[in-house]
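Only one structure is covered here, and it is reproduced in the block below.
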Amino acid sequence: MAQNPFRSEADAYRFLLLTIGYFALIVAASFVNRWLGLAVFIALTAFAVWRWAKSRSTEPPERVVVREMGEDERRILVCANETVGGKALLDVLRTKAEGVREHILVVVPALNTPLRHWVSDDDGARAAAQERLAASLARLRDEGIDARGEVGDGDPLQAMEDALRTFGAHEIVISTHPEGRSHWLERNIVTAARDRFEAPITHVVVDLDAEADRVVAEAE
Amino acid sequence: MSAHAHAEHAGEHHGPPTPHYSSRLPPAVLGMFLFIASEAMLFGAFFTAYFFVRVVNPEAPGWPLEPFHLPVYVAGVNTAVLVTSSFTMHWALQSIKRGNRNGLKAGLVLTFFMGLAFLLTQMLEYARIGFTPADGAFGTIFFGLTGLHGAHVFVGLTLLAVATIRAFRGHFTAEHHHGVEIPGIYWHFVDVMWIVVYATIYLI
């Protein structure tokens, strides 16, 4: 969707890349023939205007209705990637859901390679994250746990922050691979999340290979 | 009971009054749109003059007209330097969003020096290009357009210098980095304008 490119650096950067592509095509066509360059200019401009007009005709934003919660309700934000279907994570969620009316939001960051991230090519990463999320939600439903989910930003901290803006979580559960195999642990994501967010954080380590899952730390 | 609490209890209003919007747009967005519109009109005036000069010379065998010659390849390398500086700017922002201050510093320093290299190369180009703003309409418009862009680069370099100094003093964190985000937006805007100028004046 087209956005105002001057609201964030990332949008401005994306706009720059589009501008480079736009003029590269026009210049290349102009070298072949001046009138072809003009035709490409008109075609690309018309396409850009059409995309912009199309993006403006979307439905109005959904209103967020804030309602009072009962004392027996519990909102849990889960952030996980490849380990999103791990047994240890399911066990922890099942335990936390006991005796309360649980509302679980699973956020799966759309992790991407640095190169693809730089060129804003995140469609593949989002599609892969969506598949993992769908499989995870299906498993949670099988376990009788009420959960919904969304694909988040490639940066797990940013993904959690985005989710917390609309989902007032009582606590956060972060699921990672074991130390030595986890990029998130290498980047101190769990520590950084504890520094950044007020909600208590539970870190679950999921060893997918051995299926010897264990919980490392309980809520602070 | 403190005076503040007493005032709250009495229902008095504290702090600035609630903003009254006379437009459906928030003031920040409206301000940015007005800024973009003013810049578009400023550059648009120069481009209009440039294309007018081209249109009134339809029989010209090539462009620019003799005896003007533009250093296309030098300017091309300069363009590559400026575009690369946008990549490093983006890298700097992504680094600080992840809490990587070293990446932020390296990105900002690289961006600053590449911007400086662009500006110095352009000044060198002016000195050796062989014509002046007084040499006809084309000379006037060429120096006007590229000089206007150069002024924007200078402003961008000033913003980058401030951001770089602040980065080395540890002012930015993963949560608070507006002081880098805004110069980043401006820098990409300067880059976009140069793509338009280079493609239009030097290539097409």
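Readers should treat all values here as calculations from the given coordinates under stated rules, not as data from a laboratory. Every value quoted in this text rests on a predicted model; they were computed, and no experiment measured them. Cβ coordinates were reconstructed from backbone atoms using ideal geometry, including for glycine residues, and neighbour counts include every protein chain displayed.
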Check: Where does each of B:53-59, A:144-150 land if you order them by average Cβ count within 10 Å, highest first?
Finding: A:144-150, B:53-59
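Report the net charge of residues surrounding B:Ala167, where surrounding means a beta-carbon distance below 11 angstrom and charges are Lys +1, Arg +1, Asp -1, Glu -1. Working shown, then result.
Numbers: positive: B:Arg101, B:Lys105, B:Arg166, B:Arg169; negative: none.
It works out to a net charge of +4.
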Notebook entry, point to check: Taking amide hydrogens as modeled 1.01 Å from N in the peptide plane, which residues meet the under 5 Å criterion relative to A:Val204, leaving out close sequence neighbours?
Noted result: A:Ile174, A:Ser175, A:Thr176
Check: Rg(Cα) of the stretch A:9-56 divided by 2.2 N^0.38 Å?
Finding: 1.28
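At a Förster radius of 45 Å, what calculated FRET efficiency corresponds to the Cβ-Cβ distance of B:Thr158 and A:Trp52, to the nearest 0.05? All intermediate terms of the calculation are to be shown ahead of the outcome.
Working: r = 32 Å, r/R0 = 0.72.
Once the sixth-power term is evaluated, E becomes 0.90.
Whole-Å semi-axes of the stretch B:38-203's equivalent ellipsoid, largest first, each the root of 5 times a Cα gyration tensor eigenvalue?
Details: eigenvalues 254, 43, 29 Å².
Here the semi-axes work out to 36, 15, 12 Å.
Taking 4 °C and 1.567 mPa s as the conditions, I'd like the Stokes-Einstein D for the stretch A:73-217 in µm²/s, using the Kirkwood hydrodynamic radius from alpha carbon pairs.
On the way: Rh = 15.2 Å.
It diffuses with D of about 85 µm²/s by this estimate.
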Next item on the list: Ignore the peptide's own chain and count Cβ atoms of other chains within 10 Å of each Cβ in A:14-23; give me the average, rounded.
Entry: 5
Notebook entry, point to check: lysines within cross-link reach of A:Lys96: Cα-Cα under 16 Å, excluding same-chain residues under 8 positions apart?
Noted result: A:Lys87
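Which FRET efficiency value, to the nearest 0.05, is calculated for B:Arg166 and B:Val74 with the Förster distance at 30 angstrom and r the Cβ-Cβ distance?
Details: r = 34 Å, r/R0 = 1.12.
Working from the Cβ atoms, E equals 0.35.
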Checklist line | Peptide-level mean, for B:178-190, of C-beta atoms on other protein chains within 10 Å | finding: 4
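Is there a quick way to get the dipole size of the stretch A:73-217? I mean about its Cα centre, with the Cβ of Lys and Arg at +1 and of Asp and Glu at -1; what is the value in debye to the nearest 20?
On the way: 18 positive and 26 negative charges, 51 e Å.
That gives a dipole near 240 debye.
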Next item on the list: Name the lysines eligible as straight-distance cross-link partners of B:Lys97: C-alpha to C-alpha under 27 Å, and not fewer than 8 places from it in the same chain.
Entry: B:Lys105
Notebook entry, point to check: If the chain between A:Phe31 and A:Arg148 were fully stretched, how many nm would it gain, using 0.36 nm times the residue separation less the Cα-Cα distance?
Noted result: 36.8 nm
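Rounded to the nearest 20 Debye, what is the dipole magnitude of the stretch B:38-203 about its Cα centre when Lys and Arg each give +1 and Asp and Glu each give -1 at the C-beta? Each step should come with its number before you reach the end.
Details: 8 positive and 8 negative charges, 154 e Å.
Using Cβ point charges on Lys, Arg, Asp and Glu, the stretch B:38-203 gives about 740 debye.
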